[in-house]
Amino acid sequence: MAHHEQGQPGGRLAQFKALVGNRSYVALWVGQTVSWVGNSFHRISLFFLLMEGVAEQNQHLPLLFLMLVHASAHLLVGPFAGVFVDRWSRKTVMIFSDLARAALVLMLPFVPGHAWLYALSFLVTVASLFFEPARHSSLPNVVSDKELFLANSFLATSESCAELVGLVAGGILVKTLGYRFAFFFDSFTFLVSAVAISLMTFHTVAVSERRPWQEEAARVVTDLRKGLLYAHGRVDIRALFGVYFFMAVALGSINYLLAAFAKSGLGMGPEAYAAMSGGIVAGYIVGSVVVAMSGSGQNRIAMIGLGLFGMGAGTVIMAGAHLLPVAVVGGFIGGLFNPVYYVASRTYLQESVPNEVLGRIFSLQFLVFQVGYLASVGLSALCLPWLGLRAWIVLSGVALALVGVLAPRAGVLGQLRRGELVIQA
């Protein structure tokens, strides 16, 4: 397990200089920053395209179905994606995933009907299921252990800035130039990301010798089983996965329903969705800077709990608002605490899990999120007709805040936070 260095200003400055001078890290940062801008365009376009022509009282249905499509991709493909990420060159996986996403997104403006939009979204998610574990698990191969916390913080800050730019620009450009432009731009950003990643230099897993497909399939199943057994054998990972599940149940549907809330809750359109999402991202930017400046010596478990509580509180304020400025402030508060959770969670896994199984652990983490999202879809579908959209989001925020308060104070996570339990990788 990596040692947590105490966050001295000089140490952070030296780490930042090392990151800036690290060509592979800079290439990853440039590619992802551009891609994150395009993703914001994509999200706005897809959400509002799916709601076109749907009665106001049913506008949550196509968004929940899209969430179901994404979750299904994770359930069917996610566990196996991590196995291949740990067996293949992570650089190659990221490049081919970006090229696949570029081609698929480019097709979105030309397909007829919602069924094709859902099908292509499914395939884009599958490609992302290979890309994201490869990206997260490759970071320890690109930067040193002592730079991981700052490297994650800087990527989180950059993601927020890029998303904010994408949301602000996307809310305007989608309304003026149409959905097709947004999908074209997103496709282009995936190509930029692929080129940037091709400039990275690092080595992870040696390419295994070719074997008959039956033997390869058996080895994949064996590797998947090993990843599952490793996660099951680590009490801290089991406890964190439980937190991830409850977080996904509470928060999952909100990511998709916020567009419907902009229309039915505030009586506005893409500009309101972009403003609320922009508030969340602006808070994320400020929070990321604060986390980076706090140094890497902070207690990871305490940070996860604080982050979840703040996200839940901000969600309650946002959903309870009847005026857009108040909703934006609530989003800002929720976003402010998001990187507190995100950076601590990612860094904890990168520090404590052996690199040779890290891809599988991140894939399993994404899988746990998606199982929680499926539960969130079911609960949303049951509760929305009689609770209403606003009340459902408020209750979800309350539940998320409760998870943040209780999880780091009970059981294994409580012992870890208090230093009563030490986990050996």
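When you scan the stretch 339-348, do you find a residue that is of a type in the set (D, E, K, R) and within 18 Å of the chain's Cα centre (by Cα), even just one?
yes
Restricting the stretch 59-111 to residues that are of a type in the set (F, W, Y) and out of contact with any His (no Cβ under 9 Å at 6 or more places or on another chain), the residue that is farthest from S376 (Cα to Cα) is W88. A327 fulfils the conditions (1) buried (at least 24 other Cβ atoms within 10 Å of the Cβ); (2) small (G, A, S); (3) part of a helix (DSSP H, G or I); (4) at pLDDT below 80 except for a single criterion, (4). Taken together, P325, P354 contain a single residue that is out of contact with any helix residue (DSSP H, G or I) (no Cβ under 8 Å at 6 or more places or on another chain), of a type outside the set (S, T, Y), over 27 Å from V377 (Cα atoms) and without any contact (Cβ under 8 Å) to a residue 12 or more places away in the chain, which is P325. Any idea which residue in the stretch 30-41 is surrounded by the fewest Cβ atoms within 10 Å (Cβ to Cβ), counting only those that are among the polar types (S, T, N, Q) and over 20 Å from R180 (Cβ atoms)? Taking the candidates together, the pick is T33. Annotation: of all residues in the stretch 42-94 being of a type in the set (D, E) and either in contact with an Asp or Glu (Cβ under 9 Å, 6 or more places away or on another chain) or touching a residue at least 60 places away in the same chain (Cβ under 8 Å) (or both), the one that is surrounded by the most Cβ atoms within 10 Å (Cβ to Cβ) is D86.
Within the stretch 18-41, which residues are without any contact (Cβ under 8 Å) to a residue 12 or more places away in the chain and not in a helix (DSSP H, G or I)? Result: G21, single match. Of the residues A134, A115, A127, A119, the single one that is without any contact (Cβ under 8 Å) to a residue 40 or more places away in the chain, buried (at least 22 other Cβ atoms within 10 Å of the Cβ) and among the aliphatic types (A, V, I, L, M) is A127. Here R360 does not fit the description of being among the charged types (D, E, K, R), in contact with a Phe, Trp or Tyr (Cβ under 9 Å, 6 or more places away or on another chain) and either surrounded by fewer than 24 Cβ atoms within 10 Å (Cβ to Cβ) or free of Cβ contacts under 8 Å to residues at least 60 places away in the same chain (or both). Count of the stretch 372-425 residues, restricted to those that are assigned to a helix (DSSP H, G or I), more than 24 Å from the chain's Cα centre (by Cα) and of a type in the set (A, V, I, L, M), is 6.
The values are calculated or read from the model by the stated rules, or taken from the named source; none is laboratory data. Keep in mind that this is a model prediction, so the values were computed, not measured. Reconstructed Cβ throughout: ideal geometry from the backbone, glycine too, with neighbour counts over all protein chains shown.
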